[in-house]
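Asks: Pasting a structure below so you can have a look.
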Number of protein chains: 2
Amino acid sequence: MAKVDTSLVAHLPLFSGVKPEDLDEVLREARSVRYPRNAAIFEQGADAQSFFLLLHGHVRAAKTTPTGEQIVVRYVAPGETFGLAMAIGAAHYPATAMAVDDSVVLIWPNSAWPRLIERFPALAANTMQTVGKRLQESHTRILEMSTQQVEQRVAHALLRLANQSGKKLDHGIEIDFPISRQDIAQMTGTTLHTVSRILSGWESQGLVESGRQRIILREPHKIVVLAERSPDGGAA
Amino acid sequence: MAKVDTSLVAHLPLFSGVKPEDLDEVLREARSVRYPRNAAIFEQGADAQSFFLLLHGHVRAAKTTPTGEQIVVRYVAPGETFGLAMAIGAAHYPATAMAVDDSVVLIWPNSAWPRLIERFPALAANTMQTVGKRLQESHTRILEMSTQQVEQRVAHALLRLANQSGKKLDHGIEIDFPISRQDIAQMTGTTLHTVSRILSGWESQGLVESGRQRIILREPHKIVVLAERSPDGGAA
DNA sequence: CGGGCAGTTTGCGATAGCGCAAAAAAGCAC
DNA sequence: GTGCTTTTTTGCGCTATCGCAAACTGCCCG
């Protein structure tokens, strides 16, 4: 088990309010594990035995229906926690987590949680905020799915990804991990065909440049306009 | 400010782990307020100054888009908390709460929260579980909106309402508060017209009996079948 | 270097559900 | 009871989006 440099994680929201000199005490209980691209970290329905903090890479959390359809719950960016089943009182993971890129993850056993939050109450408070924020994001997503058309939802999804995991380029923003049309469809509640058509359209207008599991927003500002325009509005 | 009988709330999930004899100390900080039907309790975007526990009645939490469209986030049943903006670190209420029935609500000032959770850590843990459960429900809702057709989503919504706030009848279950077609549309991401058509259809098959803001599930079991059947399946 | 596979594009017909409009019904106020 | 408001019902055309099928492309593997 490699030792993790406290200075690398001290600034994370999870540890805000924890004194840097105490951080080692928290990290000591975790182990660091590397997952290669496409490796499963945990499966939906499995006993929740650990909780996680992503250090490097990107992780996709997805939920599967009994009939096998999937939705992407979210993409986890470095510095974010995931698999918090223990904290929210779930005995099993409600989703599947998989590394979409080579990733490094800190893993705590659930058994460490009660002790940690007793010793560092800020951890509990920070986690509460995180979960609360995710709840609000979920509600926003439901609102969008209820009131917007597919093109707007795709625009929003890409903008969020760009915001969370965008790599700035000379001209545009590239989403910094492999993501397919299918993935975007599963984030927005549509089909990969429809996503492909939309991106093709945007590409021919120069708004994006994209290829196999790769998307660059060339005109983020114009995509913002797309995302916000009302169902009928605009294109005369 | 009327005194609240501790025995009435002692069994609520919120207070699990709090000793009954300590409960009075928690309740002392709250005031009890009655809201008549259709009264607003708080508005989306307003400064979050309090958090709430519903004692009697029913409350509708709804989110509004900039363009005025609404979705119902959830219906609050007696014994449930709502308006937890403080706990999740939000400065403003992310939704509007309104009494759909004459309701009685316990109200704590946000300023009491830090003290309460310090004194009774179980409150924080219970709230975390509650928020976590709501997050999971949100994800389930997103999954349904992504993968199911409207009729199935309406079936699921009604079954949940029946489960949460159903009054058992000789033959069937009645949803125990006024709810319109529009409300159901806003819970399922469709239009009141479509909901009306669906309920009309069900009514003619004897599955439900409904009227103005009133729905009785006459054949809950058959509605379960509807909710679960695959898009194509069944009706020959 | 030649498959072969996973991911993408595109055409085309089908349709679920929307949106508008108008009428019917159910409460409620006076 | 009468009139008014709110909610519900229903008809009808429209279209955004799906679903299937097929072709295309860039890549990884051997």
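Asks: Of the residues that make up segment A:2-17, is at least one open to solvent by less than 20 Å² (accessible area, probe 1.4 Å) and closer than 19 Å to residue A:138 by Cα? Step through it out loud before you land on a result.
Replies: Let us first name the residues in segment A:2-17 that are open to solvent by less than 20 Å² (accessible area, probe 1.4 Å), namely A:9, A:12, A:15.
So of that shortlist, the ones also closer than 19 Å to residue A:138 by Cα come out as none.
Scanning segment A:2-17, I find no residue that is open to solvent by less than 20 Å² (accessible area, probe 1.4 Å) and closer than 19 Å to residue A:138 by Cα, so the answer is no.
One line per residue, one yes/no per condition, for (1) touching a Leu at 6+ places or on another chain (Cβ under 6 Å); (2) farther than 20 Å from residue A:191 by Cβ; (3) among the β-branched types (Val, Ile, Thr):
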| site | (1), (2), (3) |
| --- | --- |
| A:135 | yes, yes, no |
| A:139 | no, yes, no |
| A:142 | no, no, yes |
| A:150 | no, no, yes |
| A:154 | no, no, yes |
| A:158 | no, no, no |
| A:161 | no, no, no |
| A:166 | no, yes, no |
| A:173 | yes, yes, yes |
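Asks: Which fully enclosed strands (runs of 3 or more DSSP E) of segment B:83-189 have 2 or more residues being in contact (Cβ under 8 Å) with a residue 24 or more places away in the chain, among the acidic types (Asp, Glu) and within 16 Å of DNA strand D (Cβ to nearest atom)? Even if it seems obvious, please write down each step before you answer.
Replies: Values: elements: B:96-99, B:103-109, B:166-169, B:172-175.
Strands (runs of 3 or more DSSP E) meeting the threshold: none at all.
Asks: Under the condition of being under 8 Å from the mean Cα position of the chain (by Cα) and touching a residue at least 40 places away in the same chain (Cβ under 8 Å), which residue from segment B:59-77 is nearest to the other protein chains (Cβ to nearest Cβ)? Show your work before the answer.
Replies: Within segment B:59-77, the subset under 8 Å from the mean Cα position of the chain (by Cα) is B:59-61, B:73-77.
When the remaining residues are screened for being touching a residue at least 40 places away in the same chain (Cβ under 8 Å), the result is B:59-60, B:74-75, B:77.
Details: B:59: 16, B:60: 14, B:74: 9, B:75: 14, B:77: 18 Å.
Among residues in segment B:59-77 that are under 8 Å from the mean Cα position of the chain (by Cα) and touching a residue at least 40 places away in the same chain (Cβ under 8 Å), the one nearest to the other protein chains (Cβ to nearest Cβ) is B:74.
Asks: To continue, here is another question. Hey, does segment A:67-89 have a residue that's farther than 27 Å from residue A:183 by Cβ and touching a helix residue (DSSP H, G or I) at 6+ places or on another chain (Cβ under 7 Å)?
Replies: First, the residues of segment A:67-89 that are farther than 27 Å from residue A:183 by Cβ: A:86, A:89.
Next, from what is left, pick out any that are touching a helix residue (DSSP H, G or I) at 6+ places or on another chain (Cβ under 7 Å): A:86, A:89.
Looking for residues that are farther than 27 Å from residue A:183 by Cβ and touching a helix residue (DSSP H, G or I) at 6+ places or on another chain (Cβ under 7 Å), one finds at least one in segment A:67-89, hence yes.
Asks: Tell me which residues, restricted to segment B:188-214, are under 22 Å from the mean Cα position of the chain (by Cα), of a type in the set (A, V, I, L, M) and within 12 Å of DNA strand C (Cβ to nearest atom).
Replies: Within segment B:188-214, B:192, B:195 qualify.
Asks: Taking into account only those residues within segment A:174-183 that are open to solvent by 40 Å² or more (accessible area, probe 1.4 Å) and away from chain B (no Cβ under 14 Å), which is farthest from DNA strand C (Cβ to nearest atom)? Even if it seems obvious, please write down each step before you answer.
Replies: Narrowing segment A:174-183 to residues open to solvent by 40 Å² or more (accessible area, probe 1.4 Å): A:176, A:181-182.
Then drop every residue that is not away from chain B (no Cβ under 14 Å), which leaves A:176, A:181.
On the way: A:176: 15, A:181: 4 Å.
Selected residue: A:176.
Asks: How many of the residues making up segment A:144-158 are surrounded by fewer than 19 Cβ atoms within 10 Å (Cβ to Cβ) and either at positive phi or hydrophobic (A, V, I, L, M, F, W, C) (or both)?
Replies: Residues in segment A:144-158 being surrounded by fewer than 19 Cβ atoms within 10 Å (Cβ to Cβ) and either at positive phi or hydrophobic (A, V, I, L, M, F, W, C) (or both): 1 in total.
Asks: Quick check, is residue B:208 at pLDDT 95 or above, touching a helix residue (DSSP H, G or I) at 6+ places or on another chain (Cβ under 8 Å) and crowded, with 16+ Cβ neighbours inside 10 Å? Full working, then the answer.
Replies: On the way: at pLDDT 95 or above: yes; touching a helix residue (DSSP H, G or I) at 6+ places or on another chain (Cβ under 8 Å): yes; crowded, with 16+ Cβ neighbours inside 10 Å: yes.
For residue B:208, the condition - at pLDDT 95 or above, touching a helix residue (DSSP H, G or I) at 6+ places or on another chain (Cβ under 8 Å) and crowded, with 16+ Cβ neighbours inside 10 Å - is met.
Asks: Can you name the residue in segment A:18-50 that is of a type in the set (Lys, Arg) and under 12 Å from residue A:105 (Cβ atoms) and, of all such residues, is least open to solvent (accessible area, probe 1.4 Å)?
Replies: Residues of segment A:18-50 of a type in the set (Lys, Arg): A:19, A:28, A:31, A:34, A:37.
Narrowing further to those that are under 12 Å from residue A:105 (Cβ atoms): A:31, A:34.
Values: A:31: 117, A:34: 142 Å².
Only one residue fits best here, namely A:31.
Asks: Considering only residues that are within 12 Å of chain B (Cβ to nearest Cβ) and among the acidic types (Asp, Glu), look in segment A:137-161 and name the one that is farthest from DNA strand C (Cβ to nearest atom). Please lay out each step first, then the result.
Replies: Narrowing segment A:137-161 to residues within 12 Å of chain B (Cβ to nearest Cβ): A:137-148, A:150, A:152-153.
Adding the requirement that they be among the acidic types (Asp, Glu) leaves A:137, A:144.
On the way: A:137: 23, A:144: 14 Å.
Here the answer is A:137.
Asks: Can you tell me which residues in segment A:4-15 are assigned to a loop (DSSP other than H, G, I, E, B) and either at pLDDT below 95 or farther than 25 Å from residue A:132 by Cβ (or both)?
Replies: Going through segment A:4-15, the residues assigned to a loop (DSSP other than H, G, I, E, B) turn out to be A:4-5, A:10-12.
Listed by number, the residues that qualify are A:4, A:5, A:10, A:11.
Asks: Determine, yes or no, whether residue B:223 is under 20 Å from residue A:147 (Cα atoms) and surrounded by 21 or more Cβ atoms within 10 Å (Cβ to Cβ).
Replies: On the way: under 20 Å from residue A:147 (Cα atoms): no; surrounded by 21 or more Cβ atoms within 10 Å (Cβ to Cβ): yes.
Answer is no for this residue.
Asks: Restricting attention to segment B:91-109, and to residues there that are within 14 Å of chain A (Cβ to nearest Cβ) and surrounded by fewer than 17 Cβ atoms within 10 Å (Cβ to Cβ), which single residue is nearest to the chain's Cα centre (by Cα)? Before the answer, list the steps.
Replies: First, pick out the residues of segment B:91-109 that are within 14 Å of chain A (Cβ to nearest Cβ): B:91-97.
Next, from what is left, pick out any that are surrounded by fewer than 17 Cβ atoms within 10 Å (Cβ to Cβ): B:91-92.
On the way: B:91: 22, B:92: 20 Å.
The residue in question is B:92.
Asks: Here's something else I'd like to know. Exactly one of these conditions fails for residue A:29: (1) within 30 Å of residue A:189 (Cα to Cα); (2) in a loop (DSSP other than H, G, I, E, B); (3) over 13 Å from the mean Cα position of the chain (by Cα). Give me its number.
Replies: Of everything listed in (1) within 30 Å of residue A:189 (Cα to Cα); (2) in a loop (DSSP other than H, G, I, E, B); (3) over 13 Å from the mean Cα position of the chain (by Cα), residue A:29 misses just condition (1).
Asks: Just one of B:137, B:118, B:151, B:144 is more than 16 Å from the chain's Cα centre (by Cα) and within 16 Å of residue A:73 (Cβ to Cβ); which is it?
Replies: Working: B:137 fails: more than 16 Å from the chain's Cα centre (by Cα); B:118 fails: within 16 Å of residue A:73 (Cβ to Cβ); B:151 fails: within 16 Å of residue A:73 (Cβ to Cβ).
Going through B:137, B:118, B:151, B:144 in turn, the sole match is B:144.
Asks: A further question on this structure: Hey, any hits in segment B:44-55 for a residue that's among the aliphatic types (A, V, I, L, M) and within 14 Å of chain A (Cβ to nearest Cβ)?
Replies: To start, the set of residues in segment B:44-55 that are among the aliphatic types (A, V, I, L, M) comprises B:46, B:48, B:53-55.
Retained after the next criterion (residues that are within 14 Å of chain A (Cβ to nearest Cβ)): B:48.
Yes: one or more hits.
The values are calculated or read from the model by the stated rules, or taken from the named source; none is laboratory data. Computed from a prediction, not measured in an experiment: that's the story for all the values here. Positions of Cβ are backbone-derived with ideal geometry, glycine not excepted, and every protein chain shown enters the neighbour counts. All accessible areas refer to the heavy atoms of the entire protein, side chains included, with ligands and DNA or RNA removed. Shrake-Rupley method; radii C 1.70, N 1.55, O 1.52, S 1.80 Å.
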